[in-house]
Every structure is written in structure tokens, then in C-alpha cells.
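Structure, as C-alpha cells:
The values are calculated or read from the model by the stated rules, or taken from the named source; none is laboratory data. The shown structure was predicted, so the numbers you read here are calculated from the model rather than taken from an experiment. Note: ideal-geometry Cβ built from the backbone for every residue, glycine included; neighbour counts use all protein chains shown. Quick note on the areas: whole protein, heavy atoms, side chains included, nothing else; ligands and nucleic acids left out. Shrake-Rupley method; radii C 1.70, N 1.55, O 1.52, S 1.80 Å.
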Amino acid sequence: MKAMTAYLLIYNATCAMAWSVCVARTVASLVGGESAGDVYSRVGLVLMVAQTAMLLEILHSLLGLVPSPVGTVAIQVLCPIFVVWGHLFWVPECQQHWSLFLILLPCGVMEIVRYAFYVCSLLGTVPYPLFYLRYSLFMVSYPLGTAGQILQALVGMGAHWKFASPLWYRLSMIVLLLYVPGTRRQIANMWGNRKRSFKKRNVVKQEEEVEEQPPQGVLWPRTKNGDRSSTLTGKRIFAAAAAAGPEGARAAEKVMREKQWRFAYNRHVVDHVSQSLQSTDVCLAMARAGLACAQDSFRFARWGHPEMSMREAMETFRASAFETAELQGDQPLPGKREVTLSYGAETLGEPYYKFSKQRDRNINGLELRQQLDAWVEYGTMEADVAEALETLQLNQTEWLDLSDMYFVLLGAGSAMGPLRFLLSLGANVIAVARPTAFKSIFQLAKSSPGKLIFPVKAGTDWQRLLEEGDLEGLAQLSGCDLMTQTPEIATWVGSIAPGRRLTIGNYTYLDASLYVQITVACDCIIEYVCKARTDTAVAFLGTPTDAHVVPEGVAAAIRENYVRASWWMKFLEAVGVLKPNKPIAAGGLHFVDTISIEQGQNYILAKRLHHWRAMVARTDGHVVSSNVGPPTATSSVKSNARIAATLGGMHIFRPMEVVYQELSLSVMGALLIHDIRNPRSAAQPSTPLHHPLCLFQATGFHGGMWRCPYTPESIAVPSVVVYYLSTLWPQLIAAGAGAAAVVQYGLCGTLPWGVCHATSLVPAAWPQPVSALLAALGHGLAVPF
């Protein structure tokens, strides 16, 4: 048994016994007809010790010994301590008041159950009756216990502190005012815990009663401990890539020795990029080693078959599982083909959310060219992005006719995928998505001039549904699962539109470790299709929050922007809030570390797999489009309040610009067409690049992140502050005034002039009924108001 576990066992068992003594002596006194004062004389000392010992629980939470939030624990502990040490211990009237029983009995029983529950949890098993009481008693004990604490404080205030210490009287009044929101939060927290705990216990119970079905599809490999650790496997993949680099085994060992991978992985990604830049051959060797390790490490499970590596699975399961259906759109091809971007207004230096109503406004022609120049001048995008879009504009009549082009979209229903854009230009889109996504996909296809090609379950009557126009019924028979049907999807995609050139793009995204799993699945499919059809083009959507090679002018721009940074930025840098964005030189090039640690180790691993596959595919002769997109305020991103606030304040750091999803989709779609159509684009394998990583340097619409004088991680806090100050200033002023009034009342016993003046306007007769009611209530409760 670990020392910390043993300590927690002793602590919880001791507290349970102390509260048991309090409850047992209280019950015995009540049976004997003793008063509250008699009870306090028997249990007061034990109560004070047990209540004070709870301060250790705040320390437990701070040190991470228990998973409970520090704020919640602090409220649970400090409120009763305020009562027992602030009133009960000093005021005899409190010790003799009947509300003492509400503290000793409802709260005491609840504490006995709570500590007993913790003891059993540490020992590995919790009996169901104890579990039920732990997450049910609060419905009774919290209201009664809170009422007892409030009454004890009121008795102490009225009987003693009002005369003995007016300052403590006023402070107690302030604390009591906080009891209402505090108690509400406590009860809401316990209701949430109850719901989650019962759900978790029911799941465990079901798994015990019914033989658990083994997981299927793409899986993380098991470790020696039997778990499927994403951390260890991620380290092994990076270590395999490092072993193929210039430092060999020493670099791989450095990765594997990292104990704090979750919080330090970014440093190893930076090392990886730096080593990759030593030479082209080294970079490609590291990329191939990383991809091979991923496909050999990740497992594929299917009922009736032994678990095997992804590489083996792609060779084992080749049977056809799908038939092919087509849905032609109802709209004609656009009469005039024109490069168009969805951009509401020039948001340079302004928060994006101010222009939400104009987000669908389209710009094209001369207005588009002027906006491109403005973006380049401000630093939001690189000059080659503007050049690419202008080249596309010059050839728009020919290049924007996509009726002869075939695009495979892995994750066709993705919010950041180019499905709508491609269909609007008449493209043939091969949609790979789950059945649940096809209802909306069908609606998009029908209202477009494009053609949708999609998988349907073999042996079903999908033709009748298609002929009858029953798209809702057809959706139930359509689609596939990238995670569990990976080999069959590869076989199906490889057979689509024979003789036509495919462009296959990975636009999938899932949370946490699932993102890597689906990335590995898509990588296996892309590799299979590229080998089966050597003219296949590949597409990825890049993120600005990565370690990217940047043009030479970017490094100089960062230094210039840093010199021109405002005084307040320099101050925040001096106090450690902001960190300079320093370009890193390696192999005759520069790259920037704009990794956001909060996005997590799995996110960066998935993006690194994208990079590796892109470089390897281009080296093998495939066209590869992988453009970096700007920070985008999608619905899913804005659902996280903190991230939404960060995006809402980033504009204060020139040249940062956050954009809406409509602009990102139109820009990334246009760059994809340019990369494939333009024989001189960086995506073309015939176009010479200084280094394979320069593929991600080309046409970077990074939203200013590459050129920002400070790192994305460090600008988050000031951005959040600015956002809340800008959007919630009335509430903040009101809250500040209220806090000032409370402080003034607590320290001086007076209220601000405005409050006093407002109360003087109330007719004198109005407060009389309220005063009478309070007097009657106080008399009934034996509380001296």
C-alpha cells in the first residue's frame, strides 16, 4: 500500500470515528432529555476538533491527493468552520440554542457516511447501501445543516457580536449573504455527482452481469500493464521517428525518458522539427519511420479474428462490403464561375464577433484583390496566398469547372470539410461518413449542381429508396465507419470511378485519443489508394497551432512586430505573462513554435501523422495540398467558453485575426483547387522545394499567428481579459460597485452615498411590515435579530 493511500485511510477513518462519537453522544443526550447546552458540554471539544481537521481536505485537493475541485472543497470546509469557530465556540447563547442539533445530527450523519464511503473506496469496494446514502442523504442534510449554520450565526450576531465586535457582526452578515449562492452551488454539485456516479455504477454493474463485448476497429495497443495508453504509444511513435534522425538512439531515448509527456510534448515536437530540417533525406526517413511505427503499433480488432496490427488488417480484410450509389444535384452548373470568399467586413484589429451578421457576404473581383492585399500588408496571410488566389482568379472560368474532378472526402460531414464548396462547383464528391451524417449530406447534394457518390450496405434495397426519393430512408442504409471498416473502405474507394484521377482528403476530427485512432485509419486508407492508383492527389487541412517552417520574411516580421509592441505588452512580458515568439533556426531555415499545449499530445500526434504522410506522398510523386488555415470560430470551438473568450480578444495582438467558418471554408477550398490545377503550385511534386517541410510553409493563411510577437499560449490570458472587459463591462461595473459597497459596509459600517440616498427615497411606512415580520420570525426561532 502506498504511503499516501495509507495516510488517507487513517485520516478518513479517524474523522468517521470522531463524527460517530458526536452523533452517538447527541442521540444519547436527546434520549435522556438533555438541553442543547448539555449536549455541547459533552461533544463540543470533539466537534471542534473534527470540524477543524477538515482544513486538511483543502490541502488534499491542492496537492492532488483527491480529485475534488479546490473551490468546492473550500466552500464545504470553510462555511461550517466559520460557524463553529466564529460563533458557537465564543457565544454561550449559540451553545444553548436548539439549532445546534441541526449541525450535530443531519451534518454528523452525512459526515459519517462520507468518510466511510472514502474509506471503502480506498479499499477498493463500496457496498451499495453506503453508495446510495453517500449520493442521496445530501437532499436532507444540506438544507437542514445549512439552516442550522445560519441560525447559529444569527444567534451569535444578535446576542453577542452586535455589541462586542460590530466589525465581526458586519463581516458575519456578509458571509451569510454568500450562503445562498454557495449552498445552491453545493447542492447543484452534489446532484451532478449523483447523476454521474449512479450512471457509472450502473455501467459497471451491466458489465459485470453481461459479458463485455471486446472493442472493435482501430485500437491503441496494450501496454505491459494491460491498459491502452495513448501517452506511451505516442512517445514510441515520436521515438521511432527520432531514431531515424541525425541523433539516432540518443534522441529516441530522450523521448522515452520524458516523465511529463502530457505537459512537455511540445519541446520534443520542436526537437523533432529541428532534427528533420538537417536534410531532406533525414526528414523523409523520420517521416517514414513514424508512419511505419504507427501502423505497426495500432491494433485492429474484429469479432472472430485475433487482434492484429493495422498493417496486417489492411492486407487481411479485402472483401467488398459496399455497393455504390450516386445522387445528382438538382441545380445547373453556375453560368459564371468566379472566385468568391465569404467575408463580412474588414476585421483587422477588430473582434470578429462584431461582424457576425455580415459573415455570409461574398467578395470577389476587384474587392477580393484589395482585401488580399490588405491581409498581406497586415500580416494575416503570406504573400503567396494572395498570389495563389489571384492566379486562380485569372483562370477561374476553366479551373473552377469541377465537373470532371473526383474528390474523396474522409469525414465528409466535418464542419471544416470542403463538401459544400466542391458540390457548388459541380464536383463529383465521394463521401465517406457515418450514416448519421448522410441526411444533411443528401440535402446539400440535392441543392447543388454536383454529384454525390457514396457507399451503401450491400444486399439492401437502396435502389428503390433512391428512385422514390426517400432520402431519409436511404440515409439509414448509407455510410460506413472509418474506425471499424477501415480495410473495406480502402477497397471500395480504390474501385470508384476507374480511369479517373482521385483527390483524397482527410477532414476527420474526434476528441482526445480518438483523433489519433481515426487519423491512423485514414492514413492506412490514403496509403492504400495511393499505391493502387498512382495518380491520386492527397489533401489535408493544416492548423496554425503547430511547429511550422516559415518564409524568411516572417522571421524578420516577428522581430519587427516585437520591437513595435505596446508598452503594456512589454509590461506583461516583464511580469511573465507574455512570452516572445522567437523563430528557431535549423538547417538554413526558420520555424516557429506556435503549438498550443492545451490542445493536447494526441492532437499534435495526429497532425504530425498528417505531415509525415503528406511529405512521403509528395516524394512518391503524388500531388499534395496541405494549407494552413486561420484560427476559426466554429460552433464547436465557441462551445468552450474559455476558448471562445480567447478568440474574442486575440485581435489586440497585431496581426492576429480570427475568422468565421464561412471564410475559412471558402479560402481553403479555393487553395485546394489552386494546388491541384496550377502545375507550378507547391503541391505539385515537380515543383522544387528547398526542403519537404516547406510544403507547409507555402500558402499559409495563418491568421497572423506566425508573425505575432508573442506565443499563442501566452496571449491567451490577456485576450480573455480583454474579451470579458469588452463584452461584460456593465456586469463587471455592477459587480465592482457591489463588492466596494460590501467592503465599505464590512470595514466601516456605512453604505455608499448612492445607496443611502436611494433608501431615503423609500416611504417610511413601507419597511414597517417587513420589520414586524422579521421580529415575529426571530421570536419564533428564538433568534435575537
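Per-residue answers, yes or no, for (1) assigned to a helix (DSSP H, G or I); (2) aliphatic (A, V, I, L, M):
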{"position": "12", "(1), (2)": "yes, no"}
{"position": "18", "(1), (2)": "yes, yes"}
{"position": "22", "(1), (2)": "yes, no"}
{"position": "27", "(1), (2)": "yes, yes"}
{"position": "47", "(1), (2)": "yes, yes"}
{"position": "67", "(1), (2)": "no, no"}
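Within segment 29-40, which residues are under 53 Å from the mean Cα position of the chain (by Cα) and either closer than 16 Å to residue 149 by Cα or without any contact (Cβ under 8 Å) to a residue 60 or more places away in the chain (or both)?
Across segment 29-40, the qualifying residues are 36, 40.
If the requirement is being without any contact (Cβ under 8 Å) to a residue 40 or more places away in the chain and among the hydroxyl-bearing types (Ser, Thr, Tyr), which of these qualifies: 274, 309, 320, 279? Give the steps one after another, and end with the answer.
Values: 274 fails: without any contact (Cβ under 8 Å) to a residue 40 or more places away in the chain; 320 fails: without any contact (Cβ under 8 Å) to a residue 40 or more places away in the chain; 279 fails: without any contact (Cβ under 8 Å) to a residue 40 or more places away in the chain.
On inspection, the qualifying residue turns out to be 309.
Name the residue that is surrounded by the most Cβ atoms within 10 Å (Cβ to Cβ), counting only residues in segment 180-198 that are under 22 Å from residue 131 (Cα atoms) and of a type in the set (A, V, I, L, M, F, W, C).
Among those that are under 22 Å from residue 131 (Cα atoms) and of a type in the set (A, V, I, L, M, F, W, C), it is 190.
As an exercise: evaluate residue 10 against (1) closer than 20 Å to residue 60 by Cα; (2) surrounded by 15 or more Cβ atoms within 10 Å (Cβ to Cβ) and give the number of the one condition it does not meet.
(2)
Taking the condition of being assigned to a loop (DSSP other than H, G, I, E, B), under 22 Å from residue 450 (Cα atoms) and open to solvent by less than 60 Å² (accessible area, probe 1.4 Å), how many residues in segment 322-356 meet it?
So the count comes out to 5.
Based on this model, can you work out whether residue 708 counts as within 24 Å of residue 269 (Cβ to Cβ), out of contact with any helix residue (DSSP H, G or I) (no Cβ under 9 Å at 6 or more places or on another chain) and at pLDDT 90 or above?
Criteria not met by residue 708.
Can you tell me how many residues in segment 727-751 are outside any helix (DSSP H, G or I), over 32 Å from the mean Cα position of the chain (by Cα) and aliphatic (A, V, I, L, M)?
Going through segment 727-751 one residue at a time, the tally reaches 1.
What residue, among those in segment 271-299 that are open to solvent by 50 Å² or more (accessible area, probe 1.4 Å) and not charged (D, E, K, R), is farthest from residue 525 (Cα to Cα)?
278
To keep it simple, each residue is scored yes or no on (1) out of contact with any helix residue (DSSP H, G or I) (no Cβ under 6 Å at 6 or more places or on another chain); (2) not small (Gly, Ala, Ser).
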position: 523; (1), (2): no, yes
position: 527; (1), (2): yes, yes
position: 552; (1), (2): yes, yes
position: 557; (1), (2): yes, no
position: 560; (1), (2): yes, yes
position: 563; (1), (2): yes, yes
position: 568; (1), (2): yes, yes
position: 583; (1), (2): no, yes
position: 602; (1), (2): no, yes
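Hey, among the residues in segment 523-542 that are in a helix (DSSP H, G or I) and free of Cβ contacts under 8 Å to residues at least 60 places away in the same chain, which one's farthest from residue 499 (Cα to Cα)?
531
So which strands (runs of 3 or more DSSP E) are wholly in segment 376-463 and hold at least 3 residues that are open to solvent by 10 Å² or more (accessible area, probe 1.4 Å) and on the phi < 0 side of the Ramachandran plot?
Answer list for segment 376-463: none.
Quick check, is residue 157 surrounded by 19 or more Cβ atoms within 10 Å (Cβ to Cβ) and closer than 27 Å to residue 65 by Cα?
Values: surrounded by 19 or more Cβ atoms within 10 Å (Cβ to Cβ): yes; closer than 27 Å to residue 65 by Cα: no.
No, not satisfied.
Residue by residue through segment 500-514, note down the ones that are surrounded by fewer than 22 Cβ atoms within 10 Å (Cβ to Cβ) and within 15 Å of residue 430 (Cα to Cα).
500, 501, listed by residue number.
Where residues in segment 543-588 are among the acidic types (Asp, Glu) and in contact (Cβ under 8 Å) with a residue 60 or more places away in the chain, which of them is surrounded by the fewest Cβ atoms within 10 Å (Cβ to Cβ)? Lay out the reasoning, then the answer.
Going residue by residue through segment 543-588, those that are among the acidic types (Asp, Glu) are 546, 552, 560, 573.
Now narrow it down to the ones that are in contact (Cβ under 8 Å) with a residue 60 or more places away in the chain: 546, 573.
On the way: 546: 26, 573: 17.
Looking at the filtered set, the residue picked out is 573.
Mind telling me which of the residues 140, 155 ends up being touching an Asp or Glu at 6+ places or on another chain (Cβ under 7 Å) and over 22 Å from residue 10 (Cβ atoms)?
From the options 140, 155, the qualifying one is 155.
Looking only at segment 244-270, which residues are open to solvent by 50 Å² or more (accessible area, probe 1.4 Å), in contact (Cβ under 8 Å) with a residue 24 or more places away in the chain and either among the basic types (Lys, Arg) or assigned to a helix (DSSP H, G or I) (or both)? It would help to see each step written out before you state the result.
Step one: list which residues in segment 244-270 are open to solvent by 50 Å² or more (accessible area, probe 1.4 Å), which gives 246-247, 249-250, 253-254, 256-257, 259-260, 262-263, 267.
Right, trim to in contact (Cβ under 8 Å) with a residue 24 or more places away in the chain and you get 246-247, 262-263.
Matches in segment 244-270: 262, 263.
Just a yes or no: is a residue in segment 699-714 open to solvent by 10 Å² or more (accessible area, probe 1.4 Å) and outside any loop (DSSP other than H, G, I, E, B)?
Within segment 699-714 (the criterion being open to solvent by 10 Å² or more (accessible area, probe 1.4 Å) and outside any loop (DSSP other than H, G, I, E, B)), the answer is no, since none of the residues qualifies.
Just one of the numbered conditions (1) more than 30 Å from residue 400 (Cα to Cα); (2) open to solvent by 10 Å² or more (accessible area, probe 1.4 Å) is not true of residue 655; which one?
So residue 655 meets the others, but not (2).
Applying the selection to segment 164-184, what residues are out of contact with any helix residue (DSSP H, G or I) (no Cβ under 7 Å at 6 or more places or on another chain) and either of a type in the set (Asp, Glu) or at pLDDT below 85 (or both)?
Those that are out of contact with any helix residue (DSSP H, G or I) (no Cβ under 7 Å at 6 or more places or on another chain) and either of a type in the set (Asp, Glu) or at pLDDT below 85 (or both): 177, 178, 180, 181, 184.
From the list 665, 647, 693, which residue is open to solvent by 40 Å² or more (accessible area, probe 1.4 Å) and either assigned to a helix (DSSP H, G or I) or among the small types (Gly, Ala, Ser) (or both)?
665
Please indicate, with yes or no, whether at least one residue in segment 15-33 is among the hydrophobic types (A, V, I, L, M, F, W, C), open to solvent by 50 Å² or more (accessible area, probe 1.4 Å) and within 23 Å of residue 178 (Cα to Cα).
Scanning segment 15-33 turns up no residue that is among the hydrophobic types (A, V, I, L, M, F, W, C), open to solvent by 50 Å² or more (accessible area, probe 1.4 Å) and within 23 Å of residue 178 (Cα to Cα).
Of the residues 170, 134, 114, which is more than 30 Å from residue 6 (Cβ to Cβ) and open to solvent by less than 50 Å² (accessible area, probe 1.4 Å)?
170
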